[in-house]
1. Just name the residue that is surrounded by the fewest Cβ atoms within 10 Å (Cβ to Cβ) out of those in the range A:294-313 that are of a type in the set (S, T, N, Q) and within 28 Å of A:Gly181 (Cβ to Cβ).
2. Does A:Phe380 qualify as being out of contact with any Ser or Thr (no Cβ under 6 Å at 6 or more places or on another chain) and assigned by TED's automatic domain parsing to the domain that holds A:Gly406?
3. Return only the number of the condition from (1) farther than 30 Å from A:Ala156 by Cα; (2) in contact with an Asp or Glu (Cβ under 7 Å, 6 or more places away or on another chain) that A:Gly235 does not satisfy.
4. Go through the range A:390-406 and count every residue that is buried (at least 24 other Cβ atoms within 10 Å of the Cβ) and either within 14 Å of chain B (Cβ to nearest Cβ) or small (Gly, Ala, Ser) (or both).
5. Return the residues of the range A:245-264 that are closer than 19 Å to A:Phe386 by Cα and either under 21 Å from the mean Cα position of the chain (by Cα) or at pLDDT 95 or above (or both); say none if nothing qualifies.
6. Filter the range A:80-113 for residues that are free of Cβ contacts under 8 Å to residues at least 60 places away in the same chain and part of a strand (DSSP E or B); which is farthest from A:Pro207 (Cα to Cα)?
7. Filter the range A:330-389 down to residues that are away from chain B (no Cβ under 14 Å), under 29 Å from B:Val147 (Cα atoms) and among the small types (Gly, Ala, Ser) and give me whichever is surrounded by the fewest Cβ atoms within 10 Å (Cβ to Cβ).
Amino acid sequence: MKRGFAAAIVVLMVVGLAACGSGNSSTSETTTSSPPVNNTQTVIVDAGPTVNGQSIGDEDVLFTTVTICVPGTTTCQSIDHVAVDTGSTGLRIVASQLTLTLTNSTNTSGQPIANCIQYADNSYQWGPVAKADIKMAGEVASSVPIQIVGPSNFAAAPTDCTAGGTPAQTVSDLGANGILGVGLFRQDCGSACASTSSPPAFYFKCPASGCSITSVSLTEQLQNPVWMFPQDNNGLVIVLPQIASGGAVSATGSMIFGIGTQSDNALGSAQAQGVDGYGNFATTFNGVKYSSSFIDSGSNGLFFLDSATTGLASCGRQATGFYCPASTTSFTAINSGPNPKASATQVSTNVAFTIANALTLFNSSNNAFNDVGGSNPGVFDWGLPFFFGRSVFIGIENQTSAAGAGPYWAY
Amino acid sequence: MMKRPVTVLSALFAAALSGFASLGGSEESVVSDQVKFQASRKVVPEHGYRVHEISRDDGTLIKEFVSFDGKVFGVSWKGPTLPDLSQLLGSSFTEFQNSVQPKAGRRKAAVVHNSDLVVESTGHSRAFQGRAYLNSMLPDGVTQEVVQ
């Protein structure tokens, strides 16, 4: 990184001299660029972090190691087993795993700002916002707002955040030391939370009297760190190997930053499909279109429809919400969305997938599965099994590549 | 039965009633949901039941499905965040939580299909949607498909 920066300065100086000396505006001789930074971060599906010497042993959670630093300093900490989540935005670190001292973000009245994220299963993460530099591979995002999840010395989560549900705020609850949200959007909430009229319950101001919903400017919201990199910032691609049916103990792949910015992240034959304002697209199955479907590496299965529409038996109480067919079953669905470069044109892709008996899979010693699934009435949630054997590109909103402007998926 | 929305002024009701509304509760309690959610409300008559639509400026829409004998037999929600499900599901909330059995690291939809209670909660941050109903309380001639 340092070398690259120095080389860039030299090139700029040469360009400057050339421009001064000749009075000629041509820059054709100045195509020499600094060496590209390392844009490839290792990711792994394994047994997860250890708590009291025991691996959590969850299935289908994709992890990486993230380095965070006190902004502008070399006081840093590497945190392993942070879950890679294309279904959310922003970095969230479980407070117990944080050894750095970070400064809580405040509003203009000096009141601490807290963040909330909820999940459909009625769990949530709550905690103060603080800024940190985020380093992955050779890339650095500077002074990024992140969430510190569940510190004991901070105000309790208000009802607008808990929604009556249960916290997922410890390493045991979460099955990870944190969550790296590298989804389709720049911010976790976006313009709705920057508006002072009725912002949704993502951000809270927390004076001593208690926490209440507040608006927060776009720049002070949790950010997808990728779009804050100085380069390779228009998106990313997650590359995971195919694995055998029945699963694998672990699976190692790459998270490559940028789309078409270096030799290792070209789109190739991948088809780009845009999404709606919520990040959703349509999945058609047996002739029926389900328009609130999404891709989410943070979902640890293919969660779609129900037993009545799929013919797949549910597992019952031993694995609530999962499918347990008597024999492995194959399906095909069609994902479609607008071409990011020509929104009137729909781009459709056939997706073949299989569903095996989840209890059989969970009772094995494997941690990575490409054929675990469960119910999700009226919706297709393409979870981590979708990523095996694919290069999945995530085009970030308002960032452009050869595929057009994000938000889009390409695979 | 006419399908005419009747808009009710929030302020009229905000002061009038208290108590919790919820699945299986009484129609009066719907008003306390409206107050709780700081929302506006309209009532849409349907064939065999009424729907109270509670909407909030942040884009949240909650529907409470009420039989003519004044019982909330179904609820649905849609919005950027989850509504307070403990309030919305009322006395069924504990059964919902026990049935969902959250497990470490498993993130997914919450789907409960018990003999009486059905809850389907799906979506993700910025775009949640869900519904719940009690089979035993569906009015005669009304099917669960209406709860959307």
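1. Filtering the range A:294-313 for residues of a type in the set (S, T, N, Q) gives A:297, A:299-300, A:307, A:309-310.
Still in the running and within 28 Å of A:Gly181 (Cβ to Cβ): A:297, A:299-300.
Values: A:Ser297: 29, A:Ser299: 29, A:Asn300: 27.
The extreme case among them is A:Asn300.
2. Values: out of contact with any Ser or Thr (no Cβ under 6 Å at 6 or more places or on another chain): no; assigned by TED's automatic domain parsing to the domain that holds A:Gly406: yes.
No: the conditions fail for A:Phe380.
3. Condition (2) is where A:Gly235 drops out.
4. Going through the range A:390-406, the residues buried (at least 24 other Cβ atoms within 10 Å of the Cβ) turn out to be A:393-396, A:403, A:406.
Then keep just the ones that are either within 14 Å of chain B (Cβ to nearest Cβ) or small (Gly, Ala, Ser) (or both); that gives A:395, A:403, A:406.
The total comes to 3.
5. Initially, the range A:245-264 is screened for residues closer than 19 Å to A:Phe386 by Cα, giving A:245-256.
Result: A:Gly247, A:Ala248, A:Val249, A:Ser250, A:Ala251, A:Thr252, A:Gly253, A:Ser254, A:Met255, A:Ile256.
6. The residue in question is A:Asn104.
7. Of everything passing the filter in the range A:330-389, A:Ser336 is surrounded by the fewest Cβ atoms within 10 Å (Cβ to Cβ).
Matching residues to (1) closer than 18 Å to A:Ser292 by Cα; (2) part of a strand (DSSP E or B):
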{"residue": "A:Gln346", "(1), (2)": "yes, yes"}
{"residue": "A:Thr349", "(1), (2)": "yes, yes"}
{"residue": "A:Ala352", "(1), (2)": "no, yes"}
{"residue": "A:Ser364", "(1), (2)": "no, no"}
{"residue": "A:Asn370", "(1), (2)": "no, no"}
{"residue": "A:Pro377", "(1), (2)": "yes, yes"}
{"residue": "A:Phe380", "(1), (2)": "yes, yes"}
{"residue": "A:Phe386", "(1), (2)": "yes, no"}
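The values are calculated or read from the model by the stated rules, or taken from the named source; none is laboratory data. Please read these numbers as outputs of a predicted model, since none were measured by experiment. For neighbour counting, all protein chains shown are included, and Cβ atoms are generated from backbone atoms with ideal geometry for every residue, glycine included.
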